[in-house]
Structure formats: structure tokens, C-alpha cells
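A quick write-up on the structure given underneath.
Just so it is clear, none of the values below were taken in a lab; they were calculated from the coordinates. Bear in mind that the values here come from a model prediction, so they are computed numbers and not experimental data. Here Cβ is always computed from backbone atoms with ideal geometry, including for glycine, and neighbour counts include all displayed protein chains.
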Amino acid sequence: MGCGTSIAIENQTRPSETAMKAAILIQRWYRRYVAHLEMRRRYTWNIFQSIEYAGEQDQLQLSSFFSFMLDNVTQMNGNGPDLISHLLDSVVDPLTEEVRQLKYEQIVVSESYSGPRLSFPLSVTDTNALLSAFKEEQTLHGKYVLQLLYETKKFLKQMPNVIYLSTSYAKEITICGDLHGSLDDLLLIFYKNGLPSAENPYIFNGDFVDRGKKSTEIIIILFAFLLLYPDHMHLNRGNHEDHIMNLRYGFTKEVMQKYKTHGREILQLLQDVFSLLPLATVIDNKVLIVHGGISDKTDLDFLSTVERHKVKSALRLPKRSTDHLNVRSCSRSSSRHSRRSRMDSPCSSGRSSRASRRRKKHSTKQGSCSSSSSSSSSSSSVCSPRVSSRNTPRRPPPSPSLPSPTDVLQVPFLDSFVSLEPPEPPREELEWQQVVDILWSDPKNQNGCSLNSFRGGGCYFGPDVTQALLQKHDLCLLIRSHECKQEGYELCHNGQVITIFSASNYYEEGSNRGAYIKLGPELVPRFFQYQVSRSTRKLTLHQRVRVAEGSALRALKEKLYAQRSELMAAFQQYDIDNTGRISTSEWAQVVESVLRLDLPWRTLRPRLARLSADGNVEYGSCFEDISPGEPIPPVTPNLAETLYRYRTDLEIIFNIIDKDHSGQISIEEFRQTWKLFTSHLGVAVNDQTIDDMARSIDFNKDGSIDFNEFLEAFRVVHKLDVKEQQQG
Amino acid sequence: EVTETSKKSIVTFSEIHHFLLSDTIITETQKRISNAFDVFDHESNKTVDVREIGTIIRSLGCFPSEADLHDIIAELEEEEPTGFVRYEKFLPTMTKILLERKFRPITEDLLLQAFEVLDQQKKGHLEPEELTKYLTQEGEPFTQEEMDEMLSAAVDPDKNVILYKDFVSMMTFDDTR
């Protein structure tokens, strides 16, 4: 049976053996193809997570730099420009409530404005108008934004830190996680699940803003519903409801671009509104909902008493009483030490489980690292002295906020160290830590509570910590967000912790689903998933994977480029005969140790570097796809790389200096800031180089620098990268 | 009671291989296996969900059938199945599979031939219904989801047929990128 001719006749009957064999073959082949695709999807995910985690380490760098700048700016010749204190420190409102309200009412909205005109108190007409307008890509006039924020602030002031809800009045409560400026996701949730109302209550668990391009629209909608249905709409604060985070992750920029006249005032008001957002919600006294997580110090009763509005940003440590000491020289060496120790001491922890494995792996080699803060934490200690930095460089210093009473602090003073009894941490600091733990912590699989890479606050909490807290307050479930999950949600700690994340395609088109939870009186969560698709034609699985993968690999190549000199030096150590080739093993080893990203490098190698005919890796090829733009002033490769590596930070700093966001700053401001930045980084750049740079950047010689052009010069440009332009 | 000397007299399978094959090949192979395993080791405790074993094996370049996989998984599971496979068990099994080059790849030509066999009337294309019938009813049948996914990639949107020659070359290209 099974010969060709009989097949033609037996068309309608049982397929021939050949046909069956063919079918099996195709199936076997296709399943293998899908597996390969799945592998690519997984490691793409790993890449995004690793880079995001690595970016957070940079976040620490930035916050420590802000502290450094603030503490040192007055010491700069006495007449240094007051660069950033007005933005980083909370502003005392000089106007009274009535005056402010009147001021907003008097803002004139031109006739030509066709967007929604809100009237307070809000009604359903207003929220509908907002939703329609935003679907049509309209922008709400600054006047109404200010009024809305002002009313929201007034409302939130009355709210406690912890909100207690009951399911008895409604069928189910819907709980959403991070939205991160993705209006599409919010609209999709409302489409699938209905708008907020008395029958349809919602809780949004923080991180409404940053990263996505529609953060403004999201908070407008959320705050509008908050005012409209105060009993059925609840918002928790997230770690991105923080003006310093907004500087880095895009919300500030978005506001300033959309609101040229009122942007600054809107941002000022937002600082207050964000800090007034409640910190936690409890349903039926059984389910706790917070944005990040908990620590072993979390206590709901204490949390209820905290003055939450005082914690404007998690990234500014409350000033210690010891800050009158001259810590300037300390901080310079500490920053250099922190950079080195970040590379030496691999205890730096991240949020992904891969990082926790790295932590575990290295904790057996260096026992002291297992439960303490990361090494890079030392850099932010300008406000408090470090412990025995020179004597035991490997042991990371304890948290600045709560040193144990038996520790004696060694404070650098002139050339030696002075012993000091550490003061009792002030209440302000304890409160700050409670808040930061709630907003920044992540669950981990191992027992215990270890400090997060962010210094002094935010932990990795294990199942035992969860168990203890739930028991202490007679709760049964912790719902949190803060971490992107591929399926939009994830359970851990034996089902006692749920992570819910509502921004689909967070890293890239196709990277993950979003999800929300519905919780009824029986308190059994039901999960609903979705994924926004930007293109009208549905992408196939392999197209989605390819798009996400391309994006991840590009980001990874940028990382490689940013550390090119170090990598080449390390490669060449294996390549004694200067052949340009080393083995795959050696290549993977070098990349892993220099980049400090826990990724499957062997699996990724085909996408990053070329093999030669003899099966070895041509290590120079991993830098090929990326060609740098021509730096305007010729600088050494090291400087170019440093600029590239810290370009996000630079952008933020310049944005702060550029008060009116015109894209221009004065040469003097540039010079001052550049000096500060490089001294903080420990990069030696002499004055002459800075002057030359400043002068060459000032093309039209009018004494001001077009910062955007400066940044363009050092930005790495991909040969075929259209997306970069799209993202602006 | 296992004494030190008796422990040393137990020769493991990987030791034999170690002896027979060069160090480098073994190490490289095992590192590849380790990399692939790690991608699915979500808890970072050297275990993976048993349902991911097929994906891991296939991503290492093997083309086992579902039946082959069932056999392998039976070997890898604990006496009391936990739903997880440990790396200690997976490594020697997978090393053997790779070094023996089991489950050889299906080439582009072979794949094309298979489609041609199904195209009984030699039309040069297949109707979606035809392919669906074969793949969901014969051999090791596809689930509806698998079939839908393949169709979404295979069906030419304008002509609503599967131009299998183009499909095969596109997929093999995509696979090797």
C-alpha cells in the first residue's frame, strides 16, 4: 500500500501510509519550530528583565548624584547656580487655598479650544467627555488639569494611609496593576470590564505614570473617577508616583511637552498629589493590597500613623542629624568605591529570580553578602557616614537608616577616622522606611528578608515574611504589582502573594499580557488577561517574537557597546596571538563578567557575534551593528563610552538645569554641571577639555548650548533603526 | 552505609563518556544544555516544570516525536512524580541525546516533500481545510491552538491557500536566523 497511483483513487478514504508519515513529519517539524520560538521568547524576556534590573542600579547612581549635588552645590565657589534644589526639595505653597482656587478659575480658555471643559463637582458627563476626548487624541486644557489636581489634592488629604473596603456592597471589586502610561490598556480594561461605578468598584495599585506616552491622560481619568465615585474608586501609590522617578522615566518630560504654559505648576501640584495617595487598601480585613510589597518591619498599625505626605520621594533619604559633618571627600571616594565595588562584589541584587540565583551563587563564596544590602549602596551615603570603608572593602555597609545600636561608626575626618555613636534613627526615617518598603519591595522564593539594591529601603521578602505579616494582622492574601509578568499575573509564596500587572507589551510589542483581578465576597480571585495589539492586522506568534526579540537584542548590543573598551581588553587577554578570535566559552565568560547580566550567553551568541571558519568567535563582530554618531568634539574612547553609558542621567540633569525646557542652557551652567557629574563619577576630565567641549558645542557662539544637539552627538545611532526616531 | 571507597567505585555514565570523548566537546555540550535549562528554571533551583522538557530538548536542535518525548520524560521523572525535573537527571540524559545525535533534524527538502505528498492533486498549494484535516486527525494530531497558529503563519491572506513552497522556505529561514 501507499504507492502513488492508488492515492489518487482513494481520495475520499483513509489517507495512505505515505500521507500519514508526511503528516507526522510536518507535525514533528512544526513542534520543534514552536519550541525554538518559545526559547527565543523566553530569553528575550530574560534580556528585558536583566536590563531593567541593571537600569535600576543606575537609578541608585542617579539618586546618589542628586544628593551629592544638593549637598555640594553650595560649596561651589559660593556663587554656583542653584541648580536643582528648587525642584528636588518640596516647595512651600505661598498662596492660600482660596487664592489658588481663584487663580485657576481665572485662567482663560480660548474659544478655539475644542476639548472637554470640566465643571466641578464632576459628573458622569465630564468623565465621558474625557474618555471620548482622549480616544480622539485630544489634550485636556491646562486649566482643567490644574483644577482637577487641586480638587484631587483636597480630597486625598482627608484619606487615611490605609483604606478599608468591603465587598458586601458590590458583587466584585476589580483590582488593576501597573499601567505605566498605557492608555490603550486602561481603555481595554474599561471596555472588557465596564467603567467604574457603584456596582463596579475598582482599585488601581499604583504606577500609573512613566514609560508610556499617555501618563497624563491616565491620571486625569483616574483622578476624575476618584472624585466622581469616591467610595468606589481607590488608588494606591506606586513607586513611580514620585517626582524624581518621573524625571528619569519620562512623565516629567511628557507633562512639559504637553503643557508648555502650565507644565511646571502641574508638576508642582502633582508632587503633593502623589505623596497624598493612600499607601494600602484592605478588603474585608482579609486581603492586603500594596504596590510593591512588605518587609519584616512592615506594620499596618504603624503605617496608619505615618505622615505620608512628607515622603515626597523615596529617592531622597531624610537628612540625618550627622550631616553637618564634612562628608565631601568621603562621598567622592565612596562614589569611586561604589563603582568599583559594584563590579567586584557581585552581591548586587535584582528583582528577577535570575538575579536572586546570582545572589545565592555568590553568597556561598562570600558569606557576609547573603542578607545585606548591595555594595553599590555605599554611594548614596552622603547623608550618613560609612562603616569602616577602608578596612573591610568587601563587606557592604549596613543601611544608613537603621544601624544597629551596637555599631560604632567610623566617620572619615581629615585623614583618619573618628568614632561616633550612631544616633537613634529619628521617627522621620522610620516612617520613610515603612513607606519605601511598601512601594519598592519584591517577593523572593527563599525565606528571609534582605535589603533591596536600593539603599536602606525596599526589601526582598520571603514566604516566611509574608506568612508572618498575614498572621499578625489576620489576613489571608497579599496582592501587589511592581513587577512585570509575562502572563500579566503570577502567584507565589504558596498562593499567598499575587502579582498583578496591567500594562501589556510593557517591554515591547508582544512581550507580555496584562491582567486584572476580580474579587468577590468569597475572596477567591479570578484573573482576566488581555493584550493590546497596536497593528490592525493580528501578528502571528513568530512575528511577535521577532519584534520583541529584535528590540531586546538591540538593547543588549547597546550595553555591549557601552562597555566596549573593557570588553575588548578582556577579550584580548585570551587572544595572545592577536588573531581576533577566541572560543565561545571564553567569549561567554568575558561578556558575563564585564556586563554582569545573568543571561544565557551561549544561546545568545549566534545573535550577537560571528563565528569564524574554525568555529571560534570573532569578538570584534559584536560591536559591528552599532555605529556611533560622530562626536562633535573629539574625545577619548573612554569618555565617549562614559557619556553613552550615562546618557539618560545626563539628559535628566540637563532637563533640570534647562528650567524653561527650551533645549538651551548657558555655557557656565554646562560647565558647572559637567564638573560635578564627572567628579562624582570619578572620571578624570580636566578643565581644559570641558572648556573645549563647551565651546565646540556652542555652534552659534551665543554663549548657550543646544543640549539636544550635544546629546545627539554622543548617542549611538543604529544603521537601520527607525524605531528610535519614532520613540523620539 | 556508603564508605568513601565504595562511592569512588561507582562509575557514572558521564564518566564513561568523559573518557571516550574529548573534554572540550563534553563541556561545551553540557554548557549548552545548562544554558537552555536555565532559561526555564524560574525558581532558580535547578528544576524545570516537566511540561517544558519538550521545549528545552527541541530548542537544543533535536526533532523528537511526541512518542519519543513521552519516553524521555518517563526516564526523567522521579519515582514519585513531582511535576518537576531536576537538572542532575536531565544533564546526563540530554548529553547522551546530543552526543549520539538522536532525533536528527528534518531538512528543508524533506519537509517540502512531505507537503508535496499531502498535495495529492499536485496543485502547488493546499487548502486550509485539507491541511487541517491531515494535521489534526493523523499522526500525532495537532491541538486546535497549534493548528490555528500554523494556519495564521501559513495561509496566504489574499488567496486563502497555503503556498507551501514559500511557507517552508520562510520558516526554515526564520528558524535559522
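Some values worked out for this structure:
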quantity	calculated
Cross-link pairs beyond the 21 Å C-alpha cut-off, checked among A:K157/A:K286; A:K153/A:K310; A:K143/A:K214; A:K214/A:K518	A:K157/A:K286; A:K214/A:K518
Estimated D of segment A:124-180 in µm² per second, where Rh is the Kirkwood radius over Cα pairs and Stokes-Einstein applies at 37 °C, 0.692 mPa s	225 µm²/s
Extreme residue, positive dipole direction of segment A:232-307, given options A:H291, A:Y249, A:T305 (C-beta unit charges)	A:Y249
Burial ranking of peptide ranges B:141-148, A:180-187 (average Cβ count within 10 Å, highest at the top)	A:180-187, B:141-148
Charge dipole of segment B:108-171 about the Cα centre (unit charges at C-beta), most positive-ward option of B:Q137, B:A153, B:Q121	B:Q121
Per-residue mean of C-beta atoms belonging to partner chains within 10 Å, peptide B:133-139	6
Number of partner chain Cβ atoms within 10 Å, mean per residue of B:106-117	4
Dipole in debye (nearest 20) - segment A:260-316, about Cα centre, beta carbon charges: Lys, Arg +1; Asp, Glu -1	360 debye
Packing-based ranking, highest mean first, of B:75-82, A:610-617 given that Cβ atoms within 10 Å are counted	A:610-617, B:75-82
Assigned charges on the beta-carbon of Lys, Arg, Asp, Glu; segment A:430-490 dipole about Cα centre (debye)	100 debye
Segments A:117-123, B:47-53 sorted - mean Cβ within 10 Å per residue, highest first	B:47-53, A:117-123
Sequence-separation-based contact order of segment B:108-171, relative, with Cα cut under 8 Å and 6+ spacing, percent	40 percent
Over segment B:108-171, equivalent-ellipsoid semi-axes from the Cα gyration tensor in Å	16, 14, 12
